[in-house]
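In what follows, a single structure is set out as structure tokens and then discussed.
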Amino acid sequence: MGTATGARASVAVNLRRLAELIRARREALQMTREQVAAAAGCHWRTVENLERCDHDTRWGVAVAVAEVVGVTIFCVEHFSNSADTKRGPPERPLD
């Protein structure tokens, strides 16, 4: 198990990866931020901020935006020391 600081660092990396996946999927789907926001029920600036990891975004909004573009979020509360879990949850292909 890591320290609290280590846990926060892992979360930050995972959120950055989530932001990258959301943007990549949105672009692959040729959707604008406005279209994603309308479907997720939020403002387009929220989508922009989420993609850039600029501001804190409510978890429910992040999940809604991810669902609109087809990114599945796996919520993992605890990590073990096995090699399989260090890689994190499986990612959905960006087809």
Enumeration of residues in segment 55-70 that are under 17 Å from Ala24 (Cα atoms) and not in a helix (DSSP H, G or I): Gly70
Lone unmet requirement of (1) free of Cβ contacts under 8 Å to residues at least 24 places away in the same chain; (2) surrounded by 15 or more Cβ atoms within 10 Å (Cβ to Cβ); (3) touching a helix residue (DSSP H, G or I) at 6+ places or on another chain (Cβ under 8 Å) for Asn49: (3)
Verdict on Val13 being among the aliphatic types (A, V, I, L, M), modelled with pLDDT of 90 or more and assigned to a helix (DSSP H, G or I): no
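The values are calculated or read from the model by the stated rules, or taken from the named source; none is laboratory data. Bear in mind the structure is a predicted one, so any value in this text is a computation, not a measurement. Glycine gets a Cβ as well: all are built from the backbone with ideal geometry, and neighbour counts include every protein chain shown.
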